[in-house]
Structure formats: C-alpha cells, structure tokens
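Here is the structure we will look at.
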C-alpha cells in the first residue's frame with residue numbers, strides 16, 4: 001500500500017478496507033504507530049489481549065543471514081517480512097519495493113512467497129532445467145484467475161505432480177537464499193501461527209540453507225569486488241563471440257549504458273547473484289565494459305590493519321552476546337560462587353568443530369568474554385571470510401549460550417532461572 005501523509009485530526013488515520021483487515025482492524029479500530037523522527041517502524045492492533053511478539057529493523061544494521069540465524073536457533077514460529085529497494089540514492093519507491101515473506105515453524109522454514117520477478121515459479125523451474133523456455137511461454141498464455149502456472153504446467157503435461165512439488169520446494173529455497181545476497185532493505189518478524197495451507201517439506205534443513213546462503217553471499221561479495229560495486233553502470237561493446245547462457249543473454253539485453261547493475265538485474269528479472277555472475281562473465285568476455293564515473297579525489301589507501309578490523313566488525317549481535325554473557329555470569333554468581341568455573345567448563349570438552357574457534361577464549365572474573373577473538377579465530381582458519389565468517393562465529397556463540405543457559409537452570413532457583421531466560425530473550429530481540 002502506498003500512502004500520502006498529511007496533517008489532520010489527532011490520532012486519525014484512514015486506510016483502505018483491505019489494508020485495515022490485513023492489520024487486524026476490519027471496520028476500523030484503535031492501533032499503535034511506533035515512530036522515530038523521520039520514520040515509522042510498524043503498525044499493530046491495540047487490543048485488550050496480549051499483542052503478538054515482533055521485532056523489526058534495517059538490513060544496514062542486521063543482515064538477512066543474522067536474522068535467519070536468530071530465528072532458527074531460537075526456534076521461532078511466525079513470518080519474516082523483507083522489503084528491498086532499488087535504484088540509486090534517495091528513498092525507494094514503495095510501489096517498486098520487492099517484498100518477500102518467509103514462514104517459520106519452530107525455527108524451520110516451511111514456506112515463502114515473493115514479489116521479485118527472479119523468484120517466480122517459472123524462472124525457478126527454467127533455471128533448474130525442469131521446464132524449457134518454450135514450454136513456459138506456451139503454458140504462460142493459458143494462465144488465468146483460478147488456474148495458476150503450476151496447475152497449467154501439470155494439466156498440459158509439461159510437469160508431473162511430483163515435479164511441481166519439487167519445483168515449489170526449490171522456489172521456497174531460492175526465495176530465502178537469494179535474499180541473503182541483498183544488502184539494502186528492511187525486515188520485520190511477526191510471531192504467530194505458522195503458514196500451514198501451502199507448507200512444503202524442504203529437502204534441506206534450515207541450518208543447511210543458512211550455510212548455502214552464506215556461500216552465495218561470499219560468492220556475491222567476491223564478484224562485487226571484481227566488478228567495482230553494485231552501482232556500476234555497464235555499456236555494450238559489441239556482440240559476444242560465444243553462445244551465451246540464458247541469464248547472460250537477459251542481462252546483456254537490459255544493458256543500456258545508463259542503468260546500474262542492480263537496476264539491470266531488476267529489468268532482466270534476475271536475482272542479484274545471477275546478475276553478478278552474468279556481468280562478470282560478460283566483462284571477462286569483453287561484451288560489456290564499466291562506464292567511467294566522474295573523477296573523484298583519490299582516497300587515502302586503507303592500511304591492511306584497518307581493512308582487517310573492518311572484516312572483524314563485532315558490533316550489533318556480537319555486542320549483544322557479550323552483554324548477555326555478562327548478565328548470565330552476574331546472575332549465576334549471585335547464586336553460585338563458582339560461576340566463572342562453571343561457564344569455563346564448556347571449553348574443557350569442546351566438539352571438534354568449535355575447538356579452534358574458541359582458542360584462547362575464556363570467561364573473565366567479571367563475566368566478560370572476547371567475542372572479537374571468536375571472530376578473529378574463524379577468519380584465521382581461512383575457510384570463511386566477511387559475512388560468512390560472522391555467521392560462523394555467531395553460530396559458535398549461540399552454542400556457548402545454549403550451554404550457559406543450561407547451567408543457569410542447573411544452579412539457580414527455578415523462578416529466578418525462568419526470569420533470567422525471559423530477560424535473555426528480550427536482550428536477543430533488542431528490548432533490554
């Protein structure tokens with residue numbers, strides 16, 4: 001819904017009936033608007049019963065992988081709403097936002113939907129080789145209200161029922177992992193009943209999807225470095241000398257010397273990773289070249305140490321883990337004099353995959369722990385870099401937190417332990 005904000009009667013907002021129903025306010029009613037200067041975050045019903053839990057934010061502060069990791073490890077049930085903008089500079093046009101909805105049940109992904117052309121069922125089926133471009137074009141002409149593409153493909157014999165189910169499962173997976181590559185947008189998670197009507201059984205568990213998504217993000221970051229950045233504008237130089245892949249053909253057709261990489265990807269109906277792959281291949285082929293930008297004053301080269309510190313950014317969720325561990329130690333110390341020893345016992349019998357990650361990391365007497373050391377250990381192993389390294393370090397810290405909360409329940413009176421666990425939950429969601 002696109003709205004125009006004006007001034008009028010205090011506390012009065014008018015929305016279309018369909019949107020009011022979506023907000024849980026059919027026929028009107030009272031609601032609450034969470035605001036900050038220059039922006040607003042979320043509208044939700046003000047009712048007598050307890051409101052559903054939610055949290056929201058900007059992907060500039062918390063990435064899609066970090067949000068997904070939290071929902072997975074905390075066994076959340078509800079829907080994650082993502083919105084991605086497009087174009088260069090300024091606020092995005094609400095009518096052109098690409099929106100995704102990812103449904104969780106007990107931390108596992110059960111369904112997803114998307115308005116992004118790159119995530120449409122036909123595109124996913126074609127990329128997977130399940131349906132040819134000609135069959136898609138033929139069956140696409142038969143789609144109508146009440147008869148979606150999937151049903152048409154089965155009715156026309158282009159797919160079996162089993163292949164369609166496989167394709168929908170693959171579409172759900174692609175909606176998620178393609179979102180990992182996005183770097184600009186917003187998110188909101190609404191806790192509540194899981195989507196059951198369209199739920200599918202994915203062949204991969206959420207943990208495996210997280211790892212695959214991080215591999216795609218790492219690949220995308222490497223391609224961005226190769227191409228300059230996501231806002232690079234390309235121009236055609238001539239016809240390529242080899243037969244192009246379908247994604248490369250679509251990308252090349254959309255190149256006009258004015259639109260940047262993100263805009264070309266959207267115009268061609270490609271996800272950002274597929275667009276990055278196509279752009280890199282076409283640049284290497286010499287079929288396209290970056291358009292020179294207006295000269296800017298030369299930047300002072302960043303020292304190697306500063307670059308490494310940028311890779312090892314430990315704000316955001318890392319700072320939250322550090323606060324949580326300090327709070328858990330404080331509460332345990334009041335109930336047990338051996339809080340430090342009990343927490344450090346985790347490191348005595350570490351599983352093999354976490355030994356090198358926690359090398360040199362221990363709880364201090366005041367409960368402080370070097371979360372930055374955890375991340376630097378992951379980077380030093382050489383297997384993960386950038387966002388993938390952050391995700392691996394956060395996974396290890398989540399394992400440590402699970403042990404710490406287990407110890408809380410062992411050494412503290414039940415009522416106080418439950419209260420602390422609720423407090424930790426609020427800290428994880430940024431509410432404490």
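Is segment 163-180 home to any residue that is touching a residue at least 24 places away in the same chain (Cβ under 8 Å), within 28 Å of residue 273 (Cα to Cα), assigned by TED's automatic domain parsing to the domain that holds residue 63 and not in a helix (DSSP H, G or I)?
Looking only at segment 163-180, we keep the residues that are touching a residue at least 24 places away in the same chain (Cβ under 8 Å), and these are 163, 165-180.
The next check asks that each one be within 28 Å of residue 273 (Cα to Cα); those that pass are 163, 165-180.
Then keep just the ones that are assigned by TED's automatic domain parsing to the domain that holds residue 63; that gives 163, 165-180.
Okay, now just the ones that are also not in a helix (DSSP H, G or I), so none.
No: segment 163-180 contains no residue that is touching a residue at least 24 places away in the same chain (Cβ under 8 Å), within 28 Å of residue 273 (Cα to Cα), assigned by TED's automatic domain parsing to the domain that holds residue 63 and not in a helix (DSSP H, G or I).
Those residues that are in a strand (DSSP E or B) and either free of Cβ contacts under 8 Å to residues at least 40 places away in the same chain or not assigned by TED's automatic domain parsing to the domain that holds residue 84 (or both), I need them from segment 99-126; list them, please.
Residues of segment 99-126 that are in a strand (DSSP E or B), as a first pass: 99-105, 108-114.
Correct list: 99, 101.
For residue 375, the conditions (1) touching a residue at least 24 places away in the same chain (Cβ under 8 Å); (2) farther than 23 Å from residue 65 by Cα are fulfilled apart from (2).
Please go through segment 379-400 and give me each residue that is surrounded by 14 or more Cβ atoms within 10 Å (Cβ to Cβ), more than 21 Å from the chain's Cα centre (by Cα) and modelled with pLDDT under 90, ordered by number.
Start the filter on segment 379-400 by keeping residues that are surrounded by 14 or more Cβ atoms within 10 Å (Cβ to Cβ), which leaves 379, 384-400.
When the remaining residues are screened for being more than 21 Å from the chain's Cα centre (by Cα), the result is 379, 400.
Passing the criteria: only 379.
Going by the structure shown, is residue 202 in contact with a helix residue (DSSP H, G or I) (Cβ under 8 Å, 6 or more places away or on another chain), in the same structural domain as residue 175 (by TED's automatic domain parsing) and either crowded, with 19+ Cβ neighbours inside 10 Å or in a helix (DSSP H, G or I) (or both)? First the steps, then the outcome.
Working: in contact with a helix residue (DSSP H, G or I) (Cβ under 8 Å, 6 or more places away or on another chain): yes; in the same structural domain as residue 175 (by TED's automatic domain parsing): yes; either crowded, with 19+ Cβ neighbours inside 10 Å or in a helix (DSSP H, G or I) (or both): yes.
Considered against the rule, which asks whether it is in contact with a helix residue (DSSP H, G or I) (Cβ under 8 Å, 6 or more places away or on another chain), in the same structural domain as residue 175 (by TED's automatic domain parsing) and either crowded, with 19+ Cβ neighbours inside 10 Å or in a helix (DSSP H, G or I) (or both), residue 202 comes out as yes.
When you scan segment 323-421 for helices (runs of 4 or more DSSP H) that lie fully inside it, which ones turn up with 2 or more residues that are under 30 Å from residue 213 (Cα atoms)?
On the way: elements: 339-344, 352-355, 371-381, 386-411.
Once the helices (runs of 4 or more DSSP H) in segment 323-421 are filtered for at least 2 residues that are under 30 Å from residue 213 (Cα atoms), what remains is 352-355, 371-381, 386-411.
The single condition from (1) farther than 30 Å from residue 153 by Cβ; (2) surrounded by fewer than 17 Cβ atoms within 10 Å (Cβ to Cβ); (3) modelled with pLDDT under 85 that residue 85 fails is (2). Of the set (1) surrounded by 13 or more Cβ atoms within 10 Å (Cβ to Cβ); (2) at pLDDT below 85, all apply to residue 250 but (2).
The values are calculated or read from the model by the stated rules, or taken from the named source; none is laboratory data. Not measured: the values here are computed from a predicted model. Heads up, the Cβs are rebuilt from the backbone with ideal geometry, glycines too, and the neighbour counts pull from every protein chain shown.
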